[in-house]
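Asks: Quick one: this structure, given as structure tokens, is what I'll be asking you about.
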Amino acid sequence: MTQAKTLTPTAATFKALKCKECGAEYELAASHVCEACFGPLEVTYDYNTLRRTVTRETIQSGPNSIWRYRSFLPVATENVIDVGTGMTPLVQANRLARRLGLKKLYIKNDAVNMPTLSFKDRVVSVALSRARELGFSTVSCASTGNLANSTAAIAAHAGLDCCVFIPADLEAGKVLGTLIYSPTVMAVQGNYDQVNRLCCEVANTYGWGFVNINLRPYYSEGSKTLGYEVAEQLGWQLPDHIVAPLASGSLFTKIYKGFQEFIQVGLVEDKSVRFSGAQAEGCSPIAQAYKEGREFVKPVKPNTIAKSIAIGNPADGIYALEIARKTNGSIASVTDAEIIDGIKLLAETEGIFTETAGGTTIAVLKKLVEAGKIDPDETTVAYITGNGLKTQEAVQGYIGEPLTIEAKLDSFERALERSRTLERLDWQQVLV
Ligand SMILES: *Cc1c(COP(=O)(O)O)cnc(C)c1O
Ligand SMILES: [Zn+2]
């Protein structure tokens, strides 16, 4: 085992790991399951101290990254890994809102998160900062693609050894976007759930820091910053409704935790926010449980183009279900064709190119508005979690082609005329 002793925080505000099921508390080590009941562990904080010491001003005077919220993150030393992760744009999406029939819609755009263009940079920045404190020299993960990109990149920056595990059939952009940082990459012949099972065994025997296994309680706290930033960017207010993609369900539950913590320490006014979740039909165990009114999630075998959220056995599925139900939100799924349309709709209305997970979110957003499950008057935030340049094969063949012309003015003019005629024909088809 390469893990050194646990550093006990001095001025830190995080206190313990606590079982979400039975409430048993544990020391702040690299562990993620309760020894008594096998429930998942979560980091707890000293909210009284936070209420006394943290203000909107102390946050605003911090760095322009997730580390402005560091008192709410489980890292003890000053020496965090800050690669500019977080504080991504919250875009008022007026053109998309009009198309969907909403009045106030925002896109939280993590397609441009640093350094690897997905929300996973948040969780990895936190997990690796904590991994270093806990004495790990090798870090690892079980990934659907984005997590491998992020772990490899941030490990490179921090000088940590890195070995990541991915399903062998990932998109080329996700594989290349990992290899470029020169980690060891294991492409496992199997789906994510099989990769994850293998990684649990490796974590138990090799003493590596797996960001989403033994470091999971720290890793998942990074997602809370998606809640904090939206609250701050809305002028220290909470939205009425959020829509976010669900893979393991962790991100969804942590946005909720982030909002609750800001209410608890008095940074925003108390308000109920509706939480709606998005899944791809080809991997929708949480949406199915929601639809059937079940309290438990039945694992499925994934088959969808939305590979980044294709987790058939979601660790936090039941907690995501619980939050959607108690906040009067909902969980829905969409087909691969709807996901492609969602990617295109966001691109042509807002100029944001998202990957398949974002297409899922936009398609579910549209579906929920059409079903009357999002009120046009609600201030709604849709979370776009990844970048379309990484999953180009998903839209290949579904977008236009360039007009190839000679380097002559008349060739250009003929092509322009042709494209305008085609556009008119398109419109005539719409009208009939
Ligand atoms: C990992 C991922 C998610 C969801 O992650 P959770 O496991 O639910 O926390 C959403 N979008 C993208 C692009 C991802 O890579
Ligand atoms: Zn327990």
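The values are calculated or read from the model by the stated rules, or taken from the named source; none is laboratory data. Note that this is a predicted model, so its numbers are computed, not measured. We place every Cβ from the backbone using ideal geometry, glycine too, and count neighbours over all the protein chains shown.
Asks: Mind checking which residues of region 212-239 are more than 14 Å from the chain's Cα centre (by Cα) and among the acidic types (Asp, Glu)?
Replies: 232
Asks: Can you name the helices (runs of 4 or more DSSP H) wholly within region 1-120 that have at least 3 residues being at pLDDT below 95, within 16 Å of ligand 2 (Cβ to nearest atom) and of a type outside the set (Gly, Ala, Ser)? Steps first, answer last, please.
Replies: Values: elements: 47-53, 56-60, 94-100.
Passing ranges: none, list empty.
Asks: Here is a further query. Taking region 28-39, which residues are surrounded by 19 or more Cβ atoms within 10 Å (Cβ to Cβ) and touching a residue at least 40 places away in the same chain (Cβ under 8 Å)?
Replies: Once the filter is applied, which keeps residues that are surrounded by 19 or more Cβ atoms within 10 Å (Cβ to Cβ) and touching a residue at least 40 places away in the same chain (Cβ under 8 Å), region 28-39 yields 28, 30, 32.
Asks: Still on this structure, please answer the following. If we scan region 333-354, do we find a residue that is at negative phi, of a type in the set (Lys, Arg) and away from ligand 1 (no atom under 16 Å from the Cβ)? Spell out the reasoning first.
Replies: In the first step, residues of region 333-354 are kept if they are at negative phi; the result is 333-350, 352-354.
Right, trim to of a type in the set (Lys, Arg) and you get 344.
If we keep only those that are away from ligand 1 (no atom under 16 Å from the Cβ) as well, we get 344.
Yes, some residue in region 333-354 is at negative phi, of a type in the set (Lys, Arg) and away from ligand 1 (no atom under 16 Å from the Cβ).
Asks: Further, regarding this structure: Answer yes or no as to whether residue 317 is of a type outside the set (Asp, Glu) and more than 15 Å from the chain's Cα centre (by Cα).
Replies: Numbers: of a type outside the set (Asp, Glu): yes; more than 15 Å from the chain's Cα centre (by Cα): no.
Judged against the criteria, residue 317 is not a match.
Asks: Oh, and also: Given (1) charged (D, E, K, R); (2) closer than 23 Å to residue 17 by Cβ; (3) surrounded by fewer than 24 Cβ atoms within 10 Å (Cβ to Cβ), where does residue 120 come up short, assuming only one miss?
Replies: Every listed condition holds for residue 120 apart from (3).
Table: residues versus (1) in a loop (DSSP other than H, G, I, E, B); (2) of a type in the set (D, E, K, R); (3) at pLDDT below 95.
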residue: 217; (1), (2), (3): no, no, no
residue: 244; (1), (2), (3): no, no, no
residue: 254; (1), (2), (3): no, yes, no
residue: 258; (1), (2), (3): no, no, no
residue: 267; (1), (2), (3): yes, no, no
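Asks: Can you tell me which residue among 234, 267 is out of contact with any helix residue (DSSP H, G or I) (no Cβ under 8 Å at 6 or more places or on another chain) and among the aliphatic types (A, V, I, L, M)? Spell out how you get there, then give the answer.
Replies: Working: 267 fails: out of contact with any helix residue (DSSP H, G or I) (no Cβ under 8 Å at 6 or more places or on another chain).
That would be 234, the only listed residue that is out of contact with any helix residue (DSSP H, G or I) (no Cβ under 8 Å at 6 or more places or on another chain) and among the aliphatic types (A, V, I, L, M).
Asks: Turning to a different aspect of this structure: Condition test on residue 164, is it farther than 27 Å from residue 304 by Cα and in a strand (DSSP E or B)? Spell out the reasoning first.
Replies: On the way: farther than 27 Å from residue 304 by Cα: no; in a strand (DSSP E or B): yes.
So residue 164 does not fit the description; no.
Asks: Among what's in region 154-170 and is within 14 Å of ligand 1 (Cβ to nearest atom) and within 18 Å of the chain's Cα centre (by Cα), pick the residue that is surrounded by the fewest Cβ atoms within 10 Å (Cβ to Cβ). Let's see the steps before the verdict.
Replies: The initial filter retains those residues of region 154-170 that are within 14 Å of ligand 1 (Cβ to nearest atom), namely 164, 166-167, 170.
Filter again for within 18 Å of the chain's Cα centre (by Cα), leaving 166, 170.
Details: 166: 24, 170: 22.
Step by step, filter region 154-170, then rank; the result is 170.
Asks: Look at residue 45 and say whether it is within 23 Å of residue 233 (Cβ to Cβ), out of contact with any Pro (no Cβ under 6 Å at 6 or more places or on another chain) and more than 16 Å from ligand 1 (Cβ to nearest atom). Even if it seems obvious, please write down each step before you answer.
Replies: Numbers: within 23 Å of residue 233 (Cβ to Cβ): yes; out of contact with any Pro (no Cβ under 6 Å at 6 or more places or on another chain): yes; more than 16 Å from ligand 1 (Cβ to nearest atom): yes.
The answer is yes for residue 45.
Asks: Does residue 226 satisfy the criteria of being crowded, with 19+ Cβ neighbours inside 10 Å, in contact (Cβ under 8 Å) with a residue 40 or more places away in the chain, part of a helix (DSSP H, G or I) and at negative phi? Working first, answer last.
Replies: Details: crowded, with 19+ Cβ neighbours inside 10 Å: yes; in contact (Cβ under 8 Å) with a residue 40 or more places away in the chain: yes; part of a helix (DSSP H, G or I): yes; at negative phi: yes.
Yes, satisfied.
Asks: Another question, if that's okay. Among all residue pairs at least 6 apart or on different chains, which show Cβ distances below 7 Å where the first residue, located in region 90-117, is closer than 24 Å to residue 370 by Cβ and free of Cβ contacts under 8 Å to residues at least 60 places away in the same chain and the second is surrounded by fewer than 17 Cβ atoms within 10 Å (Cβ to Cβ) and among the aromatic types (Phe, Trp, Tyr)?
Replies: Taking only residues 6 or more apart or on different chains, not a single pair turns up.
Asks: Considering 243, 230, 195, which residue is outside the structural domain of residue 342 (by TED's automatic domain parsing) and either farther than 20 Å from residue 82 by Cα or touching a strand residue (DSSP E or B) at 6+ places or on another chain (Cβ under 7 Å) (or both)? It would help to see each step written out before you state the result.
Replies: Values: 243 fails: outside the structural domain of residue 342 (by TED's automatic domain parsing); 230 fails: outside the structural domain of residue 342 (by TED's automatic domain parsing).
Matching residue, one of 243, 230, 195: 195.
Asks: Would you confirm, using the coordinates I've provided, whether residue 323 is more than 25 Å from residue 95 (Cα to Cα), in contact (Cβ under 8 Å) with a residue 24 or more places away in the chain, within 16 Å of ligand 1 (Cβ to nearest atom) and not in a loop (DSSP other than H, G, I, E, B)?
Replies: Working: more than 25 Å from residue 95 (Cα to Cα): yes; in contact (Cβ under 8 Å) with a residue 24 or more places away in the chain: yes; within 16 Å of ligand 1 (Cβ to nearest atom): yes; not in a loop (DSSP other than H, G, I, E, B): yes.
Criteria met by residue 323.
Asks: Given the condition assigned to a helix (DSSP H, G or I) and either surrounded by 14 or more Cβ atoms within 10 Å (Cβ to Cβ) or in contact with a strand residue (DSSP E or B) (Cβ under 7 Å, 6 or more places away or on another chain) (or both), answer yes or no: does some residue in region 380-388 qualify? If you could, list the steps in order and put the result at the bottom.
Replies: Here is the first cut: in region 380-388, the ones assigned to a helix (DSSP H, G or I) are 388.
Okay, now just the ones that are also either surrounded by 14 or more Cβ atoms within 10 Å (Cβ to Cβ) or in contact with a strand residue (DSSP E or B) (Cβ under 7 Å, 6 or more places away or on another chain) (or both), so 388.
There is at least one residue in region 380-388 that is assigned to a helix (DSSP H, G or I) and either surrounded by 14 or more Cβ atoms within 10 Å (Cβ to Cβ) or in contact with a strand residue (DSSP E or B) (Cβ under 7 Å, 6 or more places away or on another chain) (or both).
Asks: Taking residue 196, is it assigned to a helix (DSSP H, G or I) and surrounded by 24 or more Cβ atoms within 10 Å (Cβ to Cβ)?
Replies: Working: assigned to a helix (DSSP H, G or I): yes; surrounded by 24 or more Cβ atoms within 10 Å (Cβ to Cβ): yes.
Yes.
Asks: So for region 294-306 (the condition being out of contact with any strand residue (DSSP E or B) (no Cβ under 9 Å at 6 or more places or on another chain), in contact (Cβ under 8 Å) with a residue 60 or more places away in the chain and either under 30 Å from residue 48 (Cβ atoms) or away from ligand 1 (no atom under 16 Å from the Cβ) (or both)), does at least one residue qualify?
Replies: No, region 294-306 contains no residue that is out of contact with any strand residue (DSSP E or B) (no Cβ under 9 Å at 6 or more places or on another chain), in contact (Cβ under 8 Å) with a residue 60 or more places away in the chain and either under 30 Å from residue 48 (Cβ atoms) or away from ligand 1 (no atom under 16 Å from the Cβ) (or both).
Asks: Another question, then. Counting only residues that are without any contact (Cβ under 8 Å) to a residue 40 or more places away in the chain and within 25 Å of the chain's Cα centre (by Cα), which one in region 13-27 is farthest from ligand 1 (Cβ to nearest atom)? Give the derivation first.
Replies: Start the filter on region 13-27 by keeping residues that are without any contact (Cβ under 8 Å) to a residue 40 or more places away in the chain, which leaves 15-16, 18-19, 21-27.
Within this subset, residues satisfying the condition of being within 25 Å of the chain's Cα centre (by Cα) are 16, 18-19, 21.
Numbers: 16: 23, 18: 20, 19: 20, 21: 19 Å.
Ranking the qualifying residues of region 13-27, first place goes to 16.
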